[in-house]
Amino acid sequence: MSSIHAQLPALQVVLPLLGAFLAALLRRGILAWALAATITWLMPVIAGALLWQVLTNGPISYHLGGWPPPWGIEYRVDILSAFVLLLVSGVSAAMMPFARRSVAFEIEGDKQAWFYSMYLLCLGGLLGITITGDAFNAFVFLEISSLSTYVLIALGKDRRALLASYQYLIMGTIGATFYVVGVGLLYLITGSLNIVDIAGRLGPATAEQFRPAMAALAFLTVGISLKLALFPLHVWLPNAYAFAPSFATAFLAATATKVAVYLFLRFFFSVFGVAVAASALRITELLLVLSIAAMFVASILAVYEENVKRMLAYSSVAQIGYITLGMSLANESGLTGSIVHLLNHAVMKGALFLALGAIVFRLGSVKVADLGGIGRKMPLTFAAFVIAGLGIIGTPGTVGFISKWYLAVGALDNGWWPLVFLIVASSLISVVYIGRVVEVAYFRPASGVSELAKDPPLSMLIPILFLAAASIYFGIDTELSAGLASKAAEALVGGLK
Amino acid sequence: MKLDLILRVVIKLFLPFILLFALYVQFHGELGPGGGFQAGVIVAGTFILYAIMFGAHAAKRIVPQRLVELMVPLGVLIFAGTGAAAQAFGGNFLDYAVFSHDPPHGRELGIFLVEVGVLITVSGTMIAIFYAFTGRGRS
Amino acid sequence: MSTLKTFIEHYNYFITIFLMVAGLYIVIARGNMIKKLVGLALFQTSVYLLYIAPGKIIGGTAPVLDPAFKVYANPLPHVLILTAIVVGVATLALGLAIVARIHEAYGTVEEDEIFAREAEE
Amino acid sequence: MALLTLLAAVTVGVVRMRNLFGVVVLASIYSFLMASLFVALDAVDVAMTEAAVGAGVSTVVLLATLHLTGSMEYPRPRKAYLPLFVAFVTGAALVWGTFSLPPFGTADAPIHQHVAPRYLSESIKETLVPNVVTAVLADYRGYDTLGEATVVFTAGIGVMLLLRGRRRQSAGRTREEHGP
């Protein structure tokens with residue numbers, strides 16, 4: 001038993017990869033789904049066990065190949081990475097039942113098995129980035145998840161999915177290459193690739209080699225920002241989310257950008273900690289300005305969007321703005337807000353995009369004009385949409401409120417009270433775009449396509465309702481989410497000293 | 001046409017030697033430059049050369065589409081399986097030392113196995129990509 | 001003269017950077033999707049040089065152990081770049097597959113034309 | 001150093017050339033030059049891979065795509081200042097950042113002091129493999145290599161997913177005729 005326990009960090013990533021290889025050998029979509037679902041459901045169990053180990057015994061270090069770091073590759077789990085692992089695996093596990101019908105509907109029969117193979121690769125890649133303690137290994141897994149993401153997006157039915165995928169491939173690869181340049185510079189001045197080792201050696205190295213260290217920071221920042229769609233590097237995201245298959249959109253929206261944020265936090269605080277504090281580069285100020293711009297510009301673009309999937313994609317860009325806002329505050333409350341919003345946003349957006357997936361399943365369209373009366377035709381689905389939508393707005397009692405509360409406290413801690421006003425103002429814009437959909441859905445007469453719609457089958461409905469319920473649950477009981485987030489934030493801020 | 005014939009004969013003569021070279025690259029990788037990836041590319045290159053000369057149809061008789069689709073996952077399964085086997089023997093993932101009483105020999109064996117895995121996936125993938133692009137044709 | 005000396009000692013970096021800038025420029029500025037991918041490949045390849053060049057020690061030899069030699073180039077960057085090369089070609093192949101599909105769907109691979117066509121609809 | 005300069009010249013050619021066929025040929029030459037450079041830098045494994053991949057695989061795949069799509073690039077009507085600016089800033093940041101790095105070829109740079117020496121001194125005892133690159137690739141950092149093989153796998157399945165099956169007939173926007 002204890003030996004299995006010791007092997008959990010490797011299993012967390014290797015199981016999805018093995019699943020992906022096996023799924024590629026299968027012919028039938030349903031078998032591949034069963035395989036993918038089994039593995040996906042194991043993931044939160046493993047992540048939970050890892051979190052438990054971290055909470056009781058402190059950070060876990062697992063030596064792949066039996067080689068100790070910095071010579072071999074290390075898997076390193078601390079509170080932050082365990083939290084993100086649990087988030088990514090938990091949300092994917094909740095979504096898995098939805099996939100069967102949705103994918104069967106949107107993807108051709110002979111391609112479904114490979115679709116699940118790509119999905120498992122993406123999942124494994126994301127978990128691999130989160131768990132690894134090696135900067136270059138993170139790049140390799142970043143590319144596994146990226147390449148599979150490009151394929152998932154390109155499988156959308158609309159031909160614009162191909163364009164979106166191409167655009168993302170170009171920007172994503174530039175981002176990854178910038179990341180490699182950044183890691184390369186760090187390697188040149190420290191001689192190491194292990195994140196903990198780099199962090200330890202960077203202090204003295206920076207004193208000697210200040211400029212390469214700052215250039216590395218700049219390249220890593222730009223590279224990761226491209227991946228997490230930080231405004232104005234977000235242009236790939238709206239189309240990618242709008243035209244990807246429904247399940248892929250929900251999965252990516254809930255997980256992919258979160259992992260990029262994790263990587264950002266890791267480098268920003270755990271690695272550079274010391275250097276950032278002494279930095280002349282003023283990255284936190286820049287991040288603050290860009291975050292605010294994202295919150296407003298993307299929200300306003302969302303208001304004018306006719307395609308609801310794309311509207312929510314813009315909303316994601318705005319929500320990423322909240323997350324980076326908390327990072328730019330660089331204090332404990334702000335970071336807690338950022339980290340808890342990773343989970344909260346994943347839950348809300350997961351519910352919203354799944355609800356849209358169900359609407360696509362019944363209507364074949366997600367244009368605002370086609371959604372007339374959908375609130376009456378698909379009552380349960382749309383109720384979930386409204387609940388999660390309230391979360392996006394930040395109504396008290398939902399998860400969105402919790403995140404914004406911590407962000408506001410963080411802003412006040414720094415004495416930046418106008419920020420609180422900006423947070424509230426941008427929330428009001430989200431009232432407009434969510435409200436617009438709700439108004440059409442409940443108060444307009446049914447359109448031609450929505451006439452015969454009804455709630456989707458149970459296998460699709462339950463994940464939607466589950467995530468919507470979660471967005472209420474984590475809005476009331478914050479023990480698990482915010483409690484862990486503040487512990488993780490504490491550890492990160494501790495690294496700043 | 002004549003030139004074509006000469007080319008065909010020459011290539012047929014050369015192919016076995018190129019494959020032999022690929023094997024050399026694969027197994028000599030421990031001593032000199034080379035390894036599974038490079039050998040895989042050379043193997044794939046040989047078949048692609050063959051396919052260009054004799055047509056994709058003839059090439060698919062030697063390496064059918066189905067086989068290629070099998071090779072792509074098979075190689076990585078060997079690699080990951082080697083890693084998992086190490087776990088079964090009580091080591092960490094990819095810790096080949098447990099394969100033998102004498103750790104260095106275990107590692108040598110492990111390196112050999114994963115290089116074979118890489119060879120299979122890489123050559124399979126390269127051929128698969130070539131088939132996919134040429135199979136598309138101009139309408 | 002010391003500036004000149006520094007320049008020559010860092011010549012590898014300057015060419016690397018030049019290649020990188022040129023590749024990046026092609027990717028961002030050009031509208032042809034295939035050329036963009038070629039630019040992307042150049043951009044990635046230049047990064048390989050950034051890793052490999054500093055690994056060399058003057059008077060050293062390739063890292064294949066042999067009693068005749070004492071000083072070897074650093075093997076770690078070589079390993080990293082082997083991985084990076086593979087990732088690069090995988091990205092290129094996938095990108096080209098997408099481009100081939102775009103060509104089938106739109107009849108062109110010029111970004112400007114495609115966006116114009118989308119705007120019409 | 002001559003090789004480096006030659007590389008730069010080829011790159012200028014790639015930027016300027018409008019015939020994509022020519023671009024592919026130049027890119028292939030670029031890869032060969034790069035491979036020769038890697039040999040000069042004592043990176044024989046990398047050189048071999050770059051030659052096989054850059055000049056071999058990439059060229060074949062590029063030509064296969066050109067065969068499907070046609071090979072002329074149209075000039076863009078407007079001048080692109082923003083890209084030039086972005087590229088310039090990137091370059092400037094790197095020049096600024098690398099100027100103080102240890103000069104070329106010196107043995108006391110940090111990368112030669114930490115981590116790597118153990119590979120050079122111990123790998124033969126620990127793995128019985130004299131090629132240190134192979135030892136590090138397949139053992140010390142074997143997990144990276146598994147990731148690399150997985151990337152290849154991803155690309156392979158991805159390309160087959162995208163290109164297998166019959167091509168679509170019409171170029172119009174399609175919802176249903178996507179099928180096999």
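The values are calculated or read from the model by the stated rules, or taken from the named source; none is laboratory data. All values reported here derive from a predicted model rather than from experimental measurement. So basically every Cβ, Gly included, is an ideal-geometry build from the backbone, and we count neighbours across all protein chains shown. These accessible areas exclude ligands, DNA and RNA; they are computed on the full protein's heavy atoms, side chains included. Shrake-Rupley method; radii C 1.70, N 1.55, O 1.52, S 1.80 Å.
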- Task: Go through (1) more than 26 Å from A:Tyr179 (Cβ to Cβ); (2) modelled with pLDDT of 90 or more; (3) not small (Gly, Ala, Ser) and name the single condition C:Arg117 misses.
- Result: (2)
- Message: Against the definition (free of Cβ contacts under 8 Å to residues at least 12 places away in the same chain, open to solvent by 10 Å² or more (accessible area, probe 1.4 Å) and over 25 Å from A:Leu193 (Cβ atoms)), how does A:Val289 come out, yes or no?
- Response: yes
- Query: Out of (1) open to solvent by 10 Å² or more (accessible area, probe 1.4 Å); (2) touching a residue at least 60 places away in the same chain (Cβ under 8 Å); (3) of a type in the set (A, V, I, L, M, F, W, C); (4) under 26 Å from D:Ala138 (Cβ atoms), what's the single condition that is false for B:Ala56?
  - Reply: (4)
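What are the residues in region C:46-65 that are assigned to a loop (DSSP other than H, G, I, E, B), in contact with a helix residue (DSSP H, G or I) (Cβ under 9 Å, 6 or more places away or on another chain) and within 30 Å of D:Thr90 (Cα to Cα), if any?
Just the residues of region C:46-65 that are assigned to a loop (DSSP other than H, G, I, E, B), to begin with: C:56-60, C:62-63, C:65.
Still in the list and also in contact with a helix residue (DSSP H, G or I) (Cβ under 9 Å, 6 or more places away or on another chain): C:56-57, C:62-63, C:65.
Selection gives C:Lys56, C:Ile57.
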- Query: If you check A:Ala358, A:Ala313, A:Ala330, A:Ala369, which single one turns out to be surrounded by fewer than 19 Cβ atoms within 10 Å (Cβ to Cβ) and of a type in the set (Gly, Ala, Ser)?
  - Reply: A:Ala369
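Of A:Ala488, A:Ala446, A:Ala453, A:Ala441, which residue is more than 20 Å from A:Gly394 (Cβ to Cβ), open to solvent by less than 40 Å² (accessible area, probe 1.4 Å) and touching an Asp or Glu at 6+ places or on another chain (Cβ under 9 Å)? Reasoning before the result, please.
Values: A:Ala446 fails: touching an Asp or Glu at 6+ places or on another chain (Cβ under 9 Å); A:Ala453 fails: touching an Asp or Glu at 6+ places or on another chain (Cβ under 9 Å); A:Ala441 fails: touching an Asp or Glu at 6+ places or on another chain (Cβ under 9 Å).
Every option except A:Ala488 fails the conditions.
Looking at this structure, is B:Leu77 touching a Phe, Trp or Tyr at 6+ places or on another chain (Cβ under 7 Å), free of Cβ contacts under 8 Å to residues at least 40 places away in the same chain and within 21 Å of D:Glu148 (Cβ to Cβ)?
On the way: touching a Phe, Trp or Tyr at 6+ places or on another chain (Cβ under 7 Å): yes; free of Cβ contacts under 8 Å to residues at least 40 places away in the same chain: no; within 21 Å of D:Glu148 (Cβ to Cβ): yes.
The answer is no for B:Leu77.
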- Query: Across region B:26-51, which residue is surrounded by the fewest Cβ atoms within 10 Å (Cβ to Cβ) among those that are farther than 22 Å from D:Gly147 by Cα and at pLDDT below 80?
  - Reply: B:Leu31
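Restricted to region A:142-158, and to residues that are assigned to a loop (DSSP other than H, G, I, E, B) and open to solvent by 10 Å² or more (accessible area, probe 1.4 Å), which residue is modelled with the highest pLDDT? Write out each step before concluding.
Filtering region A:142-158 down to residues assigned to a loop (DSSP other than H, G, I, E, B) leaves A:155-158.
Checking the rest, the ones that are also open to solvent by 10 Å² or more (accessible area, probe 1.4 Å) come to A:155, A:157-158.
Numbers: A:Leu155: 92, A:Lys157: 86, A:Asp158: 85.
Only one residue fits best here, namely A:Leu155.
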- Since C:Leu37 meets every condition but one in (1) within 26 Å of D:Glu73 (Cβ to Cβ); (2) aliphatic (A, V, I, L, M); (3) open to solvent by 10 Å² or more (accessible area, probe 1.4 Å), which condition does it not meet? (3)
- Task: Go through region A:94-113 and count every residue that is out of contact with any Phe, Trp or Tyr (no Cβ under 6 Å at 6 or more places or on another chain) and open to solvent by 10 Å² or more (accessible area, probe 1.4 Å).
- Result: 9
- Task: Give me the pairs, please: first residue somewhere in region A:84-106 and touching a residue at least 40 places away in the same chain (Cβ under 8 Å) and within 17 Å of A:Ala355 (Cβ to Cβ), second residue anywhere and among the charged types (D, E, K, R) and outside any helix (DSSP H, G or I), beta-carbon distance under 8 Å, and either six or more positions apart or on two chains.
- Result: A:Glu106/A:Lys157
- Message: Testing A:Arg27 on (1) part of a loop (DSSP other than H, G, I, E, B); (2) within 22 Å of B:Phe79 (Cβ to Cβ); (3) not small (Gly, Ala, Ser), one condition comes back false. Which one is that?
- Response: (2)
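In region D:4-38, how many residues are of a type outside the set (Lys, Arg), touching a strand residue (DSSP E or B) at 6+ places or on another chain (Cβ under 8 Å) and more than 7 Å from chain C (Cβ to nearest Cβ)? Reasoning before the result, please.
In the first step, residues of region D:4-38 are kept if they are of a type outside the set (Lys, Arg); the result is D:4-15, D:17, D:19-38.
Now narrow it down to the ones that are touching a strand residue (DSSP E or B) at 6+ places or on another chain (Cβ under 8 Å): D:19-20.
Keeping just the survivors that are more than 7 Å from chain C (Cβ to nearest Cβ) gives D:19.
Total satisfying the criteria: 1.
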- Conditions: (1) free of Cβ contacts under 8 Å to residues at least 24 places away in the same chain; (2) crowded, with 24+ Cβ neighbours inside 10 Å; (3) within 7 Å of chain D (Cβ to nearest Cβ). C:Glu104 meets all but one. Number of the miss? (2)
- Within region A:82-126, count every residue that is in contact with a Lys or Arg (Cβ under 8 Å, 6 or more places away or on another chain) and more than 13 Å from every other protein chain (Cβ to nearest Cβ). 3
- Message: Contact list please: Cβ distance under 8 Å, first residue in region B:14-26 and part of a helix (DSSP H, G or I), second residue surrounded by 15 or more Cβ atoms within 10 Å (Cβ to Cβ) and among the acidic types (Asp, Glu), pairs at least six apart or on different chains.
- Response: B:Gln26/B:Glu115
- Task: Can you work out which of the residues in region C:12-54 that are facing chain D (nearest Cβ under 7 Å) and of a type in the set (Gly, Ala, Ser) is nearest to D:His114 (Cα to Cα)?
- Result: C:Ala53
- Query: For region A:464-497, how many residues are modelled with pLDDT of 85 or more and touching a Gly at 6+ places or on another chain (Cβ under 6 Å)?
  - Reply: 3
- Can you run down the residue pairs with Cβ atoms below 7 Å, 6 or more apart or on separate chains, where the first is in region A:399-417 and open to solvent by less than 50 Å² (accessible area, probe 1.4 Å) and the partner is not in a helix (DSSP H, G or I)? A:Gly400/A:Gly394; A:Ile402/A:Thr478; A:Lys404/A:Gly394; A:Gly410/A:Asn331
- Out of A:Thr221, A:Thr206, A:Thr173, report the one residue that is assigned to a helix (DSSP H, G or I) and in contact with a Ser or Thr (Cβ under 7 Å, 6 or more places away or on another chain). A:Thr173
- Residues of region B:85-128 satisfying the condition of being assigned to a helix (DSSP H, G or I), more than 17 Å from the chain's Cα centre (by Cα), surrounded by fewer than 20 Cβ atoms within 10 Å (Cβ to Cβ) and not small (Gly, Ala, Ser): B:Val98, B:Pro103, B:Pro104, B:His105, B:Leu109
- Task: Could you look through region A:159-196, keep only residues that are crowded, with 24+ Cβ neighbours inside 10 Å and within 7 Å of chain D (Cβ to nearest Cβ), and pick out the one that is nearest to A:Arg310 (Cα to Cα)?
- Result: A:Leu185
- Message: Within region D:126-137, does at least one residue satisfy the condition of being open to solvent by less than 10 Å² (accessible area, probe 1.4 Å), modelled with pLDDT under 80 and of a type outside the set (A, V, I, L, M)?
- Response: yes
